[in-house]
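Have a look at the structure below, then the notes.
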Amino acid sequence: MKISRAIAPSLVVTALSLTVTGCITTQGEDTYVNGQCVTCWQNPLSIESSTGANSPTPNTGMTVNGVTQSCRPATSKYDRTWHAHDERWCDNVTLPGASLSPSVTYTETVAAPVDTAYIKAKRFLRFTDPDDNPNGDSPFAAARWDALPGSYYNVVGMYGGPMRQMLWYAEYDLQLEKVSSTRTKVSIRNRVYSRGMDPAEFRKQLMNAIKR
């Protein structure tokens, strides 16, 4: 039976040293830790261009360590939750001088069983799935997860950003499809929010992890 699970939108990424502790509450589909929202972000691959209606809107006047940066205004008192882990980010998903690249797609068949390819991809991307998180309340869950173990996996999420002290993040849609008992078709659609990083670089890192 095919398993399909939509998990509350949340950042996929997490720093190795991060441990979520404290009072955890929920309001609607969002999760709050000690009063701070840890699931307030836009769905991956939902913004079609960096100039679209949902793209970050610059604003001036924010000062970090005495340096004035151009940032969009905070939309709530919880807006600093994510970028507080890396002060180079203005707010939860905005990096001064950065833009969102167009989507790029890539397909390759690799010499690995589909379950093995999935495990390697998951290890690199560091998301939780329904097996790890049956209640769907982890702040580091994939935004969408769909699978028929042994045959097919589809994961949509986000990798990188301030939670991993990285000056870029990738929004990705990854599909793994069984070709044979020893081969898997890997399809990736992604784009990168950065200061000029080639969006293909994320794909290269992910593919290297799957092939390793």
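The values are calculated or read from the model by the stated rules, or taken from the named source; none is laboratory data. Here the structure is a predicted model, which means the values were calculated and not measured. As a convention, Cβ positions derive from the backbone with ideal geometry for all residues, glycine included, and neighbour counts pool all protein chains shown.
Observations on the model:
- Residue within region 199-207 that is surrounded by 17 or more Cβ atoms within 10 Å (Cβ to Cβ) and assigned to a loop (DSSP other than H, G, I, E, B) present: yes
- Here THR107, THR116 are screened, and the one residue that is on the phi < 0 side of the Ramachandran plot, outside any helix (DSSP H, G or I) and at pLDDT 95 or above is THR107.
- Strands (runs of 3 or more DSSP E) (entirely within region 143-185) containing at least 3 residues that are at pLDDT 95 or above and either in contact with an Asp or Glu (Cβ under 7 Å, 6 or more places away or on another chain) or surrounded by 21 or more Cβ atoms within 10 Å (Cβ to Cβ) (or both): 152-160, 169-180
Residue-wise test of (1) closer than 25 Å to ASP86 by Cβ; (2) among the small types (Gly, Ala, Ser).
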| residue | (1), (2) |
| --- | --- |
| GLY97 | yes, yes |
| THR128 | yes, no |
| ALA143 | yes, yes |
| LEU176 | no, no |
| VAL179 | no, no |
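- Region 121-134, residues that are assigned to a loop (DSSP other than H, G, I, E, B) and at pLDDT 70 or above: ARG126, PHE127, ASP129, PRO130, ASP131, ASP132, ASN133
- Flag: SER103 does not match the condition of being more than 18 Å from VAL156 (Cβ to Cβ), surrounded by fewer than 19 Cβ atoms within 10 Å (Cβ to Cβ) and in contact (Cβ under 8 Å) with a residue 24 or more places away in the chain.
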